[in-house]
Amino acid sequence: ALRVTGPGLAGLQPGLSAAKEAVMRAHAAAKYVGHDASHTPVTVLKQGWLVTYAHGKHEEWELGTTVLVWLNNGSGDRRIPVSATVQYKSNAPRFDYVLLRVEGEWGERDTPVLDPGVTRFEPYVLVGASAPGDPHSTRHGSMLSTRLDENGHMKGDTPAAEGDSGGGCFLLSTGALFAICVACSDQQSSLLPITLPLAMAAELEAAEAAARQQQMPQQAGHG
């Protein structure tokens with residue numbers, strides 16, 4: 001399976017019980033999930049890039065819209081607001097995600113390890129914001145299907161609630177981010193594989209680099 005690595009989570013202490021390890025994985029993963037002004041989850045995809053859902057409260061967002069997102073400050077549990085701009089939007093129900101790019105310096109914020117190689121029945125933790133009064137909520141589940149449905153989503157058995165869409169899904173075995181939750185019901189959640197927003201972010205970066213290259217000869221000619 002394709003594995004995209006990054007700084008990610010530090011290794012856990014050997015000899016931990018499964019229950020203790022699950023709690024620690026969930027706590028460590030929570031620093032990669034922030035929230036917007038409506039307290040809906042926004043997940044760190046990679047340095048400078050965030051991903052969340054496109055339906056509901058985010059339907060009014062358009063390309064170029066600037067929003068405030070509260071992210072972990074990189075040195076503790078405190079979240080601070082940063083400005084981010086909508087770079088791409090795939091409206092629901094197909095894919096149903098928004099790519100945001102953080103304005104200014106990324107700073108010391110960590111980024112998650114990315115691993116799209118999830119398998120059926122593999123356990124994971126969903127970090128959302130469905131717990132009133134708490135900065136985040138965690139729900140544990142297992143993969144029901146890794147085959148993409150007509151909307152490009154996988155299925156997990158987390159009984160997600162309102163406020164969980166946009167939250168990151170992290171493998172319990174490694175803490176790696178493999179999907180974000182984009183829809184939920186009483187029995188299951190629809191999960192968007194990170195490969196889709198990751199590929200789109202790379203495409204946007206490549207287009208931006210090509211545009212800069214085209215401008216360089218023009219600027220040199222005017223020099």
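No value in this document is a laboratory result; all are computed from the given coordinates. None of the values given here were measured: they were computed from a predicted structure. With ideal geometry, Cβ positions are generated from the backbone for all residues, glycine too; neighbour counts draw on all protein chains shown.
Could you name the lysines in cross-link range of K57, using Cα to Cα under 28 Å and dropping any fewer than eight places away on the same chain?
Leaving aside lysines fewer than 8 places away in the same chain, those within reach of K57 are K31, K46, K89, K155.
Kindly identify the stretch 38-137 as rounded, prolate or oblate by the Cα gyration tensor criterion: order the square roots of the eigenvalues as a ≥ b ≥ c, call it rounded if a/c is under 1.5, otherwise compare a/b with b/c, prolate if a/b is larger, else oblate.
The shape class here is rounded.
If Lys and Arg each add +1 and Asp and Glu each add -1, what is the summed charge of the other residues whose beta carbon sits under 14 Å from the beta carbon of A22?
That works out to +1.
Considering only DSSP states other than H, G, I, E and B, which trypsin sites (Lys or Arg not before Pro) in the stretch 135-175 qualify as loop sites with at most 16 other Cβ atoms within 10 Å?
In loop regions of the stretch 135-175 (DSSP not H, G, I, E or B), the sparsely surrounded trypsin sites (Lys or Arg not before Pro) are R147.
Please report, in cubic angstrom per residue, the volume enclosed by the convex hull of the alpha-carbon atoms of the stretch 94-160.
About 140 Å³ per residue, rounded to a whole number.
Within 10 Å, Cβ to Cβ, of L126, how many net charges do the neighbouring residues add up to if Lys/Arg are +1 and Asp/Glu are -1?
Once positives and negatives cancel, what remains is 0.
Pairs of alpha-carbon atoms within less than 8 angstrom and 6+ residues apart define the contacts here; what relative contact order does the stretch 18-203 have, in percent?
Result for the stretch 18-203 is 21 percent.
For K31, K89, K20, which order do you get if you count the other beta carbons within 10 Å of each Cβ and list the fewest first?
Lowest count first: K20, K89, K31.
So what's the net charge close to D36: Lys and Arg +1, Asp and Glu -1, counting the other residues with Cβ under 13 Å from its Cβ?
Around D36, the surrounding residues sum to +1.
Treat every Asp and Glu Cβ in the stretch 137-180 as -1 and every Lys and Arg Cβ as +1, leave all other atoms uncharged, and give the resulting dipole magnitude about the Cα centre to the nearest 20 debye.
The dipole of the stretch 137-180 has a size of about 160 debye.
Using a Förster distance of 22 Å, how high is the FRET efficiency between R78 and H140, based on the Cβ-Cβ distance and rounded to 0.05?
0.30
Could you state the principal axis extents of the C-alpha atoms in the stretch 18-203, from the largest down, to the nearest angstrom?
The Cα atoms of the stretch 18-203 stretch 39, 37, 31 Å along the principal axes, largest first.
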